[in-house]
(Lines give C-alpha, C1' and ligand atoms only; values in the text may rest on other atoms or scores of the structure.)
Protein backbone atom coordinates (compact mmCIF):
# COMPACT_ATOMS: atom_id res chain seq x y z
CA UNK A 1 0.00 0.00 0.00
CA UNK A 2 1.24 3.47 -0.89
CA UNK A 3 0.28 6.52 1.17
CA UNK A 4 -0.10 9.84 -0.62
CA UNK A 5 2.32 12.27 1.02
CA UNK A 6 1.83 15.36 -1.14
CA UNK A 7 -0.81 16.86 -3.41
CA UNK A 8 0.41 19.08 -6.25
CA UNK A 9 -1.63 21.73 -8.03
CA UNK A 10 -3.72 24.79 -7.31
CA UNK A 11 -6.90 22.77 -7.68
CA UNK A 12 -8.14 24.96 -10.52
CA UNK A 13 -7.30 22.35 -13.14
CA UNK A 14 -5.92 19.23 -11.50
CA UNK A 15 -4.66 17.72 -8.26
CA UNK A 16 -1.80 15.28 -8.75
CA UNK A 17 -0.49 13.00 -6.03
CA UNK A 18 3.01 12.14 -4.86
CA UNK A 19 4.35 9.55 -2.47
CA UNK A 20 7.72 9.10 -0.81
CA UNK A 21 10.12 6.30 0.03
CA UNK A 22 13.19 7.28 2.06
CA UNK A 23 13.11 10.73 0.53
CA UNK A 24 12.65 9.43 -3.01
CA UNK A 25 9.59 11.09 -4.55
CA UNK A 26 7.31 9.42 -7.12
CA UNK A 27 4.05 10.34 -8.80
CA UNK A 28 0.99 8.19 -8.32
CA UNK A 29 -0.64 7.19 -11.63
CA UNK A 30 -3.99 8.83 -10.87
CA UNK A 31 -5.03 12.49 -10.94
CA UNK A 32 -8.18 14.33 -9.93
CA UNK A 33 -9.33 16.65 -12.72
CA UNK A 34 -11.10 19.39 -10.82
CA UNK A 35 -12.75 21.15 -13.76
CA UNK A 36 -14.73 18.03 -14.62
CA UNK A 37 -14.70 16.56 -11.12
CA UNK A 38 -13.36 13.19 -12.30
CA UNK A 39 -10.51 10.82 -11.51
CA UNK A 40 -8.41 9.47 -14.38
CA UNK A 41 -4.89 8.42 -15.23
CA UNK A 42 -2.33 11.16 -14.67
CA UNK A 43 -1.09 13.06 -17.74
CA UNK A 44 1.28 10.90 -19.76
CA UNK A 45 0.09 7.63 -18.20
CA UNK A 46 -2.51 6.89 -20.89
CA UNK A 47 -2.15 5.49 -24.38
CA UNK A 48 -0.23 2.43 -23.26
CA UNK A 49 2.44 4.44 -21.45
CA UNK A 50 1.40 3.72 -17.88
CA UNK A 51 4.55 3.58 -15.77
CA UNK A 52 2.44 2.69 -12.70
CA UNK A 53 4.36 3.75 -9.58
CA UNK A 54 7.73 4.29 -11.26
CA UNK A 55 7.47 7.89 -12.47
CA UNK A 56 10.08 9.89 -10.62
CA UNK A 57 9.55 13.47 -9.50
CA UNK A 58 12.91 15.05 -10.08
CA UNK A 59 14.50 18.44 -9.58
CA UNK A 60 12.95 19.84 -12.77
CA UNK A 61 9.40 19.02 -11.63
CA UNK A 62 9.90 20.19 -8.07
CA UNK A 63 11.58 23.45 -9.08
CA UNK A 64 8.32 24.87 -10.47
CA UNK A 65 5.67 23.10 -8.44
CA UNK A 66 7.11 23.99 -5.05
CA UNK A 67 9.39 26.22 -3.05
CA UNK A 68 13.10 25.45 -3.23
CA UNK A 69 13.58 21.86 -2.07
CA UNK A 70 16.72 20.27 -0.67
CA UNK A 71 17.61 18.08 -3.64
CA UNK A 72 20.18 15.32 -3.05
CA UNK A 73 22.97 15.54 -5.61
CA UNK A 74 23.75 12.21 -7.22
CA UNK A 75 20.11 11.17 -7.31
CA UNK A 76 17.26 11.78 -9.71
CA UNK A 77 14.45 12.14 -7.22
CA UNK A 78 15.68 12.19 -3.63
CA UNK A 79 15.05 15.22 -1.42
CA UNK A 80 16.12 15.89 2.15
CA UNK A 81 13.01 17.97 2.66
CA UNK A 82 10.02 19.07 0.60
CA UNK A 83 8.39 22.40 1.49
CA UNK A 84 4.60 22.48 1.62
CA UNK A 85 3.94 24.93 -1.19
CA UNK A 86 5.35 27.80 -3.20
CA UNK A 87 6.79 30.63 -1.12
CA UNK A 88 7.68 34.31 -1.56
CA UNK A 89 11.25 33.56 -2.59
CA UNK A 90 10.10 32.00 -5.88
CA UNK A 91 9.42 35.51 -7.23
CA UNK A 92 11.26 37.80 -4.82
CA UNK A 93 14.55 35.95 -4.34
CA UNK A 94 16.24 34.81 -1.16
CA UNK A 95 15.02 36.84 1.81
CA UNK A 96 17.95 36.46 4.19
CA UNK A 97 19.59 39.79 3.37
CA UNK A 98 16.23 41.55 3.43
CA UNK A 99 15.46 40.19 6.90
CA UNK A 100 18.94 41.07 8.16
CA UNK A 101 18.59 44.69 7.09
CA UNK A 102 15.12 45.09 8.54
CA UNK A 103 16.20 43.62 11.87
CA UNK A 104 19.08 46.09 11.83
CA UNK A 105 16.55 48.92 11.64
CA UNK A 106 16.82 49.86 7.96
CA UNK A 107 13.61 51.54 6.83
CA UNK A 108 12.89 52.36 3.18
CA UNK A 109 9.87 54.24 1.89
CA UNK A 110 9.01 51.94 -1.01
CA UNK A 111 6.47 54.43 -2.36
CA UNK A 112 9.37 56.58 -3.57
CA UNK A 113 12.49 54.39 -3.28
CA UNK A 114 13.55 50.89 -4.31
CA UNK A 115 14.43 48.38 -1.63
CA UNK A 116 17.38 46.59 -3.23
CA UNK A 117 17.58 43.99 -0.46
CA UNK A 118 14.71 42.07 -2.09
CA UNK A 119 13.59 41.61 -5.68
CA UNK A 120 10.45 43.41 -6.79
CA UNK A 121 9.77 42.24 -10.36
CA UNK A 122 8.20 45.62 -11.21
CA UNK A 123 11.56 47.30 -10.51
CA UNK A 124 13.72 45.00 -12.62
CA UNK A 125 15.63 46.87 -15.35
CA UNK A 126 13.75 45.62 -18.41
CA UNK A 127 10.78 43.59 -19.58
CA UNK A 128 13.05 40.60 -20.31
CA UNK A 129 14.06 40.43 -16.65
CA UNK A 130 10.46 40.82 -15.47
CA UNK A 131 9.15 38.20 -17.87
CA UNK A 132 11.92 35.77 -16.87
CA UNK A 133 10.42 35.56 -13.37
CA UNK A 134 7.08 34.45 -14.81
CA UNK A 135 8.59 32.35 -17.59
CA UNK A 136 10.53 30.23 -15.13
CA UNK A 137 7.36 28.28 -14.33
CA UNK A 138 4.83 29.40 -16.93
CA UNK A 139 7.01 28.40 -19.86
CA UNK A 140 6.77 24.63 -19.71
CA UNK A 141 8.43 22.71 -22.49
CA UNK A 142 11.73 21.07 -23.26
CA UNK A 143 14.33 22.66 -21.00
CA UNK A 144 17.97 22.46 -22.08
CA UNK A 145 20.26 23.65 -19.29
CA UNK A 146 23.23 25.87 -20.01
CA UNK A 147 26.65 24.58 -18.99
CA UNK A 148 27.10 24.10 -15.22
CA UNK A 149 23.49 25.08 -14.47
CA UNK A 150 20.79 23.12 -12.65
CA UNK A 151 17.04 23.55 -12.42
CA UNK A 152 17.60 25.42 -9.16
CA UNK A 153 20.08 27.88 -10.67
CA UNK A 154 17.55 30.51 -11.71
CA UNK A 155 16.99 33.34 -9.23
CA UNK A 156 14.65 36.32 -9.67
CA UNK A 157 16.67 39.12 -11.22
CA UNK A 158 18.39 36.81 -13.71
CA UNK A 159 17.59 36.27 -17.38
CA UNK A 160 16.10 32.84 -17.90
CA UNK A 161 18.11 32.29 -21.09
CA UNK A 162 21.32 32.45 -19.07
CA UNK A 163 20.17 29.36 -17.17
CA UNK A 164 18.24 27.35 -19.75
CA UNK A 165 16.78 27.28 -23.23
CA UNK A 166 13.09 26.33 -23.28
CA UNK A 167 11.68 24.82 -26.48
CA UNK A 168 8.01 24.53 -27.38
CA UNK A 169 6.35 22.85 -30.36
CA UNK A 170 4.88 25.16 -32.98
CA UNK A 171 2.30 24.26 -35.60
CA UNK A 172 1.15 25.77 -38.88
CA UNK A 173 -2.39 26.91 -39.69
CA UNK A 174 -4.21 28.78 -36.96
CA UNK A 175 -1.79 27.76 -34.23
CA UNK A 176 -4.45 26.68 -31.74
CA UNK A 177 -2.45 23.81 -30.23
CA UNK A 178 -0.27 24.49 -27.22
CA UNK A 179 1.16 22.99 -24.04
CA UNK A 180 -0.84 23.96 -20.97
CA UNK A 181 1.81 25.86 -19.00
CA UNK A 182 3.02 27.93 -21.94
CA UNK A 183 1.12 31.12 -21.13
CA UNK A 184 4.26 33.27 -21.21
CA UNK A 185 5.16 32.08 -24.71
CA UNK A 186 1.64 32.37 -26.09
CA UNK A 187 1.47 35.95 -24.82
CA UNK A 188 4.62 36.91 -26.74
CA UNK A 189 2.94 35.91 -30.02
CA UNK A 190 0.23 38.54 -29.49
CA UNK A 191 0.28 41.93 -31.21
CA UNK A 192 -0.73 43.38 -27.83
CA UNK A 193 2.64 42.22 -26.50
CA UNK A 194 4.71 42.92 -29.58
CA UNK A 195 3.50 46.53 -29.95
CA UNK A 196 3.72 47.49 -26.28
CA UNK A 197 5.77 46.95 -23.14
CA UNK A 198 3.13 44.84 -21.42
CA UNK A 199 4.07 41.99 -19.09
CA UNK A 200 2.07 39.41 -17.17
CA UNK A 201 1.64 41.98 -14.39
CA UNK A 202 -0.57 44.15 -16.61
CA UNK A 203 -3.39 41.66 -16.04
CA UNK A 204 -2.35 39.50 -13.09
CA UNK A 205 -1.77 40.22 -9.45
CA UNK A 206 0.52 37.30 -8.51
CA UNK A 207 -0.62 37.52 -4.89
CA UNK A 208 -4.25 36.80 -5.78
CA UNK A 209 -5.40 33.57 -7.41
CA UNK A 210 -7.07 33.88 -10.79
CA UNK A 211 -9.97 32.05 -9.20
CA UNK A 212 -10.60 35.03 -6.91
CA UNK A 213 -9.74 37.79 -9.39
CA UNK A 214 -12.76 39.70 -10.72
CA UNK A 215 -13.23 39.24 -14.46
CA UNK A 216 -13.42 43.01 -14.85
CA UNK A 217 -9.78 43.33 -13.79
CA UNK A 218 -8.70 41.52 -16.96
CA UNK A 219 -11.13 43.46 -19.13
CA UNK A 220 -9.96 46.76 -17.64
CA UNK A 221 -6.45 45.92 -18.81
CA UNK A 222 -7.80 45.61 -22.36
CA UNK A 223 -9.83 48.81 -22.15
CA UNK A 224 -6.86 50.77 -20.81
CA UNK A 225 -4.96 50.28 -24.07
CA UNK A 226 -7.89 50.14 -26.48
CA UNK A 227 -9.88 53.18 -25.40
CA UNK A 228 -9.90 54.70 -28.89
CA UNK A 229 -10.58 51.45 -30.75
CA UNK A 230 -13.95 49.82 -30.87
CA UNK A 231 -14.56 46.10 -31.11
CA UNK A 232 -15.68 44.88 -34.54
CA UNK A 233 -18.34 42.68 -32.95
CA UNK A 234 -21.87 44.14 -33.29
CA UNK A 235 -22.86 46.09 -30.20
CA UNK A 236 -25.81 43.78 -29.42
CA UNK A 237 -23.49 40.75 -29.29
CA UNK A 238 -20.96 42.59 -27.17
CA UNK A 239 -23.64 43.56 -24.68
CA UNK A 240 -24.98 40.02 -24.66
CA UNK A 241 -21.48 38.89 -23.67
CA UNK A 242 -21.20 41.67 -21.05
CA UNK A 243 -18.38 43.27 -23.07
CA UNK A 244 -16.15 40.42 -21.92
CA UNK A 245 -12.97 41.15 -23.90
CA UNK A 246 -10.73 38.56 -22.25
CA UNK A 247 -12.98 35.53 -22.71
CA UNK A 248 -13.62 36.41 -26.35
CA UNK A 249 -10.01 37.13 -27.30
CA UNK A 250 -8.41 34.62 -24.90
CA UNK A 251 -10.89 31.73 -25.09
CA UNK A 252 -10.72 28.69 -22.79
CA UNK A 253 -8.95 26.02 -24.82
CA UNK A 254 -7.77 22.44 -24.28
CA UNK A 255 -4.05 21.77 -24.10
CA UNK A 256 -2.13 19.08 -25.97
CA UNK A 257 -0.53 17.59 -22.86
CA UNK A 258 -3.15 17.61 -20.07
CA UNK A 259 -6.52 15.86 -20.60
CA UNK A 260 -9.88 16.99 -19.19
CA UNK A 261 -8.86 20.63 -18.68
CA UNK A 262 -9.12 23.96 -20.43
CA UNK A 263 -6.94 27.01 -19.90
CA UNK A 264 -7.27 30.50 -21.32
CA UNK A 265 -5.13 30.79 -24.45
CA UNK A 266 -2.81 33.76 -23.86
CA UNK A 267 -2.29 34.29 -27.60
CA UNK A 268 -4.50 37.41 -27.73
CA UNK A 269 -6.20 37.75 -31.12
CA UNK A 270 -9.51 37.76 -32.93
CA UNK A 271 -11.53 34.62 -32.25
CA UNK A 272 -10.88 31.64 -34.53
CA UNK A 273 -14.16 30.22 -35.95
CA UNK A 274 -14.94 26.74 -34.66
CA UNK A 275 -14.87 25.36 -38.21
CA UNK A 276 -11.32 26.65 -38.62
CA UNK A 277 -10.16 25.23 -35.28
CA UNK A 278 -10.95 21.72 -36.49
CA UNK A 279 -8.48 21.94 -39.36
CA UNK A 280 -5.46 19.69 -39.04
CA UNK A 281 -2.38 21.55 -37.88
CA UNK A 282 1.04 20.13 -38.64
CA UNK A 283 4.13 20.33 -36.45
CA UNK A 284 6.55 22.83 -37.93
CA UNK A 285 9.45 23.20 -35.51
CA UNK A 286 10.61 23.59 -31.95
CA UNK A 287 10.65 27.27 -31.09
CA UNK A 288 13.01 28.56 -28.44
CA UNK A 289 10.76 30.62 -26.21
CA UNK A 290 13.45 31.91 -23.85
CA UNK A 291 16.40 32.67 -26.11
CA UNK A 292 16.23 34.30 -29.57
CA UNK A 293 19.70 33.01 -30.50
CA UNK A 294 20.15 29.42 -29.26
CA UNK A 295 23.22 27.47 -30.24
CA UNK A 296 23.03 24.57 -32.69
CA UNK A 297 24.09 22.22 -29.89
CA UNK A 298 21.21 23.42 -27.70
CA UNK A 299 18.74 22.93 -30.56
CA UNK A 300 20.00 19.39 -31.13
CA UNK A 301 19.43 18.55 -27.46
CA UNK A 302 15.97 20.12 -27.66
CA UNK A 303 14.88 17.86 -30.52
CA UNK A 304 16.30 14.77 -28.81
CA UNK A 305 14.43 15.46 -25.57
CA UNK A 306 11.22 16.35 -27.37
CA UNK A 307 11.34 13.08 -29.33
CA UNK A 308 11.93 11.09 -26.17
CA UNK A 309 9.56 12.89 -23.80
CA UNK A 310 6.60 13.98 -25.91
CA UNK A 311 6.28 11.74 -28.97
CA UNK A 312 6.95 8.26 -27.54
CA UNK A 313 9.22 7.64 -30.51
CA UNK A 314 6.46 8.10 -33.07
CA UNK A 315 8.11 10.90 -35.07
CA UNK A 316 11.56 9.78 -36.29
CA UNK A 317 11.91 12.93 -38.40
CA UNK A 318 12.66 14.77 -35.14
CA UNK A 319 15.86 12.77 -34.89
CA UNK A 320 16.79 13.91 -38.38
CA UNK A 321 16.46 17.49 -37.13
CA UNK A 322 18.64 16.65 -34.14
CA UNK A 323 21.28 15.15 -36.43
CA UNK A 324 21.18 18.29 -38.61
CA UNK A 325 21.96 20.51 -35.64
CA UNK A 326 24.67 18.15 -34.33
CA UNK A 327 26.39 18.38 -37.71
CA UNK A 328 25.95 22.15 -37.66
CA UNK A 329 27.54 22.31 -34.21
CA UNK A 330 30.69 20.49 -35.31
CA UNK A 331 32.31 23.72 -36.49
CA UNK A 332 32.20 25.20 -32.96
CA UNK A 333 32.49 22.18 -30.66
CA UNK A 334 34.98 19.36 -30.12
CA UNK A 335 34.25 15.64 -29.94
CA UNK A 336 33.84 15.60 -26.16
CA UNK A 337 31.32 18.47 -26.28
CA UNK A 338 29.33 16.61 -28.95
CA UNK A 339 29.51 13.25 -27.20
CA UNK A 340 26.29 13.52 -25.16
CA UNK A 341 23.88 14.44 -27.99
CA UNK A 342 25.60 12.11 -30.48
CA UNK A 343 25.32 9.09 -28.18
CA UNK A 344 21.75 10.07 -27.34
CA UNK A 345 20.86 10.27 -31.05
CA UNK A 346 22.19 6.82 -31.91
CA UNK A 347 20.72 5.35 -28.74
CA UNK A 348 17.24 6.60 -29.63
CA UNK A 349 17.68 5.09 -33.08
CA UNK A 350 18.65 1.77 -31.46
CA UNK A 351 21.89 1.94 -33.42
CA UNK A 352 24.05 0.43 -30.69
CA UNK A 353 26.96 -0.12 -33.03
CA UNK A 354 27.20 3.62 -33.67
CA UNK A 355 26.88 4.32 -29.94
CA UNK A 356 29.89 2.09 -29.29
CA UNK A 357 31.84 3.51 -32.23
CA UNK A 358 31.33 7.03 -30.85
CA UNK A 359 32.22 5.97 -27.30
CA UNK A 360 35.57 4.47 -28.29
CA UNK A 361 36.81 7.94 -29.25
CA UNK A 362 36.53 9.24 -25.65
CA UNK A 363 38.08 7.81 -22.49
CA UNK A 364 35.46 6.48 -20.07
CA UNK A 365 36.64 8.70 -17.22
CA UNK A 366 36.15 11.80 -19.38
CA UNK A 367 32.41 11.21 -19.64
CA UNK A 368 30.72 13.72 -17.34
CA UNK A 369 27.05 13.02 -18.09
CA UNK A 370 25.66 10.02 -16.21
CA UNK A 371 23.00 9.24 -18.80
CA UNK A 372 25.60 9.18 -21.58
CA UNK A 373 27.64 6.60 -19.66
CA UNK A 374 24.46 4.60 -19.01
CA UNK A 375 23.46 4.61 -22.71
CA UNK A 376 26.90 3.43 -23.76
CA UNK A 377 26.75 0.69 -21.13
CA UNK A 378 23.33 -0.35 -22.41
CA UNK A 379 24.69 -0.48 -25.98
CA UNK A 380 27.43 -2.89 -24.87
CA UNK A 381 24.85 -4.87 -22.89
CA UNK A 382 22.72 -5.29 -26.00
CA UNK A 383 25.84 -6.58 -27.77
CA UNK A 384 26.33 -9.18 -25.00
CA UNK A 385 29.55 -7.53 -23.82
CA UNK A 386 29.11 -7.61 -20.05
CA UNK A 387 32.65 -6.47 -19.09
CA UNK A 388 32.44 -3.29 -21.19
CA UNK A 389 28.87 -2.62 -20.10
CA UNK A 390 30.00 -2.87 -16.46
CA UNK A 391 32.75 -0.32 -17.15
CA UNK A 392 30.26 2.26 -18.38
CA UNK A 393 27.53 1.42 -15.88
CA UNK A 394 30.15 1.95 -13.15
CA UNK A 395 30.88 5.41 -14.58
CA UNK A 396 27.16 6.19 -14.61
CA UNK A 397 26.92 5.15 -10.94
CA UNK A 398 29.99 7.22 -10.09
CA UNK A 399 28.31 10.29 -11.59
CA UNK A 400 24.85 9.56 -10.17
CA UNK A 401 25.36 7.12 -7.28
CA UNK A 402 21.77 7.25 -6.00
CA UNK A 403 20.11 6.27 -9.27
CA UNK A 404 18.59 2.83 -8.59
CA UNK A 405 18.34 1.84 -12.25
CA UNK A 406 22.02 2.55 -12.84
CA UNK A 407 22.96 0.48 -9.79
CA UNK A 408 20.73 -2.39 -10.91
CA UNK A 409 22.28 -2.41 -14.36
CA UNK A 410 25.77 -2.47 -12.88
CA UNK A 411 24.80 -5.39 -10.63
CA UNK A 412 23.32 -7.25 -13.60
CA UNK A 413 26.56 -6.78 -15.54
CA UNK A 414 28.52 -8.22 -12.60
CA UNK A 415 26.14 -11.17 -12.26
CA UNK A 416 26.50 -11.91 -15.98
CA UNK A 417 30.24 -12.32 -15.29
CA UNK A 418 29.62 -14.44 -12.16
CA UNK A 419 31.00 -11.63 -10.03
CA UNK A 420 28.42 -12.10 -7.29
CA UNK A 421 30.50 -10.51 -4.53
CA UNK A 422 30.57 -7.22 -6.47
CA UNK A 423 26.83 -7.40 -7.22
CA UNK A 424 25.59 -8.28 -3.71
CA UNK A 425 26.32 -5.02 -1.85
CA UNK A 426 24.85 -3.01 -4.72
CA UNK A 427 21.57 -4.94 -4.63
CA UNK A 428 21.43 -4.83 -0.84
CA UNK A 429 21.83 -1.04 -0.96
CA UNK A 430 19.00 -0.68 -3.50
CA UNK A 431 16.68 -2.93 -1.47
CA UNK A 432 17.46 -0.94 1.68
CA UNK A 433 16.83 2.38 -0.04
CA UNK A 434 13.51 1.22 -1.45
CA UNK A 435 12.40 -0.51 1.76
CA UNK A 436 10.08 -3.40 0.86
CA UNK A 437 9.12 -2.11 -2.56
CA UNK A 438 10.97 -4.23 -5.08
CA UNK A 439 9.58 -2.73 -8.25
CA UNK A 440 12.99 -1.24 -9.05
CA UNK A 441 14.60 -4.68 -9.28
CA UNK A 442 14.22 -6.93 -12.31
CA UNK A 443 12.49 -10.20 -11.40
CA UNK A 444 15.32 -12.43 -12.54
CA UNK A 445 17.78 -10.62 -10.27
CA UNK A 446 15.57 -11.19 -7.26
CA UNK A 447 15.36 -14.88 -8.08
CA UNK A 448 19.11 -15.30 -8.48
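Which one of the conditions (1) without any contact (Cβ under 8 Å) to a residue 24 or more places away in the chain; (2) in a loop (DSSP other than H, G, I, E, B) does residue 362 fail to meet, given that it meets all the rest?
(1)
Looking at 196, 182, 246, 209, can you tell me which residue is assigned by TED's automatic domain parsing to the domain that holds residue 160 and in contact with a strand residue (DSSP E or B) (Cβ under 7 Å, 6 or more places away or on another chain)?
Among 196, 182, 246, 209, only 182 is assigned by TED's automatic domain parsing to the domain that holds residue 160 and in contact with a strand residue (DSSP E or B) (Cβ under 7 Å, 6 or more places away or on another chain).
Taking the range 30-55 as the search range and keeping residues that are touching a strand residue (DSSP E or B) at 6+ places or on another chain (Cβ under 6 Å) and crowded, with 17+ Cβ neighbours inside 10 Å, which one is nearest to residue 430 (Cα to Cα)?
Taking the candidates together, the pick is 55.
Out of all the residues in the range 99-118, is one or more outside any loop (DSSP other than H, G, I, E, B), touching a helix residue (DSSP H, G or I) at 6+ places or on another chain (Cβ under 9 Å) and surrounded by 14 or more Cβ atoms within 10 Å (Cβ to Cβ)?
no
For the range 160-177, name all the residues that are within 24 Å of residue 122 (Cα to Cα), surrounded by 16 or more Cβ atoms within 10 Å (Cβ to Cβ) and out of contact with any strand residue (DSSP E or B) (no Cβ under 6 Å at 6 or more places or on another chain).
If the condition is that a residue be within 24 Å of residue 122 (Cα to Cα), surrounded by 16 or more Cβ atoms within 10 Å (Cβ to Cβ) and out of contact with any strand residue (DSSP E or B) (no Cβ under 6 Å at 6 or more places or on another chain), then 160, 161, 163 are the ones that fit.
Of the residues that make up the range 257-269, is at least one within 29 Å of residue 12 (Cα to Cα) and more than 28 Å from the chain's Cα centre (by Cα)?
no
Filter the range 264-297 for residues that are closer than 30 Å to residue 146 by Cβ and touching a strand residue (DSSP E or B) at 6+ places or on another chain (Cβ under 7 Å) and give the result.
Correct list: 265, 283, 284, 285, 286, 287, 288, 289, 290, 291, 294.
If I go through the range 71-88 residue by residue, how many of them are buried (at least 17 other Cβ atoms within 10 Å of the Cβ) and more than 21 Å from residue 405 (Cβ to Cβ)?
1
Which of (1) assigned to a helix (DSSP H, G or I); (2) touching a helix residue (DSSP H, G or I) at 6+ places or on another chain (Cβ under 8 Å); (3) within 23 Å of residue 7 (Cβ to Cβ) is the odd one out, the single condition residue 61 does not satisfy?
Of everything listed in (1) assigned to a helix (DSSP H, G or I); (2) touching a helix residue (DSSP H, G or I) at 6+ places or on another chain (Cβ under 8 Å); (3) within 23 Å of residue 7 (Cβ to Cβ), residue 61 misses just condition (2).
For (1) within 18 Å of the chain's Cα centre (by Cα); (2) modelled with pLDDT of 95 or more, each residue gets a yes or a no:
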residue	(1), (2)
99	no, no
108	no, no
117	no, no
130	no, yes
140	yes, no
158	no, yes
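Which residues, counting only those in the range 119-139, are in a loop (DSSP other than H, G, I, E, B), free of Cβ contacts under 8 Å to residues at least 24 places away in the same chain and surrounded by 11 or more Cβ atoms within 10 Å (Cβ to Cβ)?
none
Of everything in the range 191-215 that's in a helix (DSSP H, G or I) and free of Cβ contacts under 8 Å to residues at least 60 places away in the same chain, which residue is surrounded by the most Cβ atoms within 10 Å (Cβ to Cβ)?
Among residues in the range 191-215 that are in a helix (DSSP H, G or I) and free of Cβ contacts under 8 Å to residues at least 60 places away in the same chain, the one surrounded by the most Cβ atoms within 10 Å (Cβ to Cβ) is 202.
Being in contact with a helix residue (DSSP H, G or I) (Cβ under 7 Å, 6 or more places away or on another chain) and either surrounded by fewer than 19 Cβ atoms within 10 Å (Cβ to Cβ) or within 27 Å of residue 134 (Cβ to Cβ) (or both) is true for just one of 300, 296, 322. Which residue is that?
296
Does the range 223-241 include one or more residues that are farther than 29 Å from residue 282 by Cβ, surrounded by fewer than 12 Cβ atoms within 10 Å (Cβ to Cβ), assigned by TED's automatic domain parsing to the domain that holds residue 290 and touching a residue at least 40 places away in the same chain (Cβ under 8 Å)?
no
Under 14 Å from residue 175 (Cα atoms), outside the structural domain of residue 32 (by TED's automatic domain parsing) and surrounded by 13 or more Cβ atoms within 10 Å (Cβ to Cβ): is that true of residue 272 in this structure?
Yes; evaluated as a whole, the condition is true for this residue.
For the condition at pLDDT 90 or above and assigned to a helix (DSSP H, G or I), what is the one hit in 218, 267?
Going through 218, 267 in turn, the sole match is 218.
Sort through 282, 288, 293 and tell me the only one that's free of Cβ contacts under 8 Å to residues at least 12 places away in the same chain and under 25 Å from residue 194 (Cβ atoms).
293
The values are calculated or read from the model by the stated rules, or taken from the named source; none is laboratory data. Everything quoted here is computed from the prediction, not taken from an experiment. Methodologically, a virtual Cβ is constructed for each residue, glycine included, from the backbone with ideal geometry; neighbour enumeration extends over all protein chains shown.
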